[in-house]
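Step one of this worksheet: look at the structure below.
Nothing in this text is a laboratory measurement; each read-out follows from the coordinates by a stated rule. Keep in mind the model is a prediction, meaning the values are calculated, not measured. Counting neighbours? That spans all protein chains shown, and the Cβs are built from the backbone with ideal geometry, glycine included.
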Amino acid sequence: MSDSLPTPGIGVFTRTLYFEDVPLQQVFTTSGRTITEADVTSFAGLSGDYNMLHVDEDFASKTAFGGRIAHGLLILSIASGLTTRLPVLTALQPSLLGMTSVTCQWPSPTKIGDTLRVDLTFESAKLTRSGSRGIVTERRVARAQDGRIVLDSHWDLLVARRPENLT
């Protein structure tokens, strides 16, 4: 890892990051984003998921949730969007070859009006069998304004190694 990396969670990356540069075990935190009525309604229309927990306040108010909740996949999508704005992921994008898997849990519901922030941690990095690229595992944890974890996810990314002419 280069000594030109910024302090964890802040700073600007001035160069492309490759597999070898991924800052393992550092936590990067996004700005906040409030979940709105329009978010939930738009996602229902886009996805076709009109589950009454998401779109029917009268129904949802009589459930254990006490009101409408956001779609879990909406929260996963918002977490993705928030983290892609982090300088570390902006610097990694040119060497990002793809996402190979995502696993997630939603330990608590997200309600309309909740403001979420996401902590991104690069947990591990291992070379593929060929050694020409690597798999980087990220953990992305979204928390509401009261500290509740509303999403706990792991993302496996396929990342290019630094070209030999840049070593």
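Note: relative contact order over the chain, using C-alpha pairs below 8 Å and six or more positions apart, is 27 percent. Hey, of (i) 46; (ii) 41; (iii) 30, which did the structure itself give for percent of Cα pairs over 24 Å apart when calculated? So the calculated entry is the one marked (ii).
Rounded to the nearest 20, the Cβ-based charge dipole of the chain about its Cα centre (Lys and Arg +1, Asp and Glu -1) stands at 380 debye.
The local environment of Ala60, defined by Cβ-Cβ distances under 11 Å, has a net charge of 0 under the rule Lys, Arg +1 and Asp, Glu -1.
Just want the answer: with Cβ charges of +1 for Lys and Arg and -1 for Asp and Glu, which residue in Val118, Ile149, Gly66 is farthest toward the dipole's positive end in the chain? Of Val118, Ile149, Gly66, it is Val118. Positive contributions from Lys and Arg (+1) and negative ones from Asp and Glu (-1), summed over other residues with Cβ under 10 Å from the Cβ of Pro107, come out at 0.
Expressed to the nearest 5 percent, the antiparallel share of DSSP beta bridges inside the chain is 95 percent.
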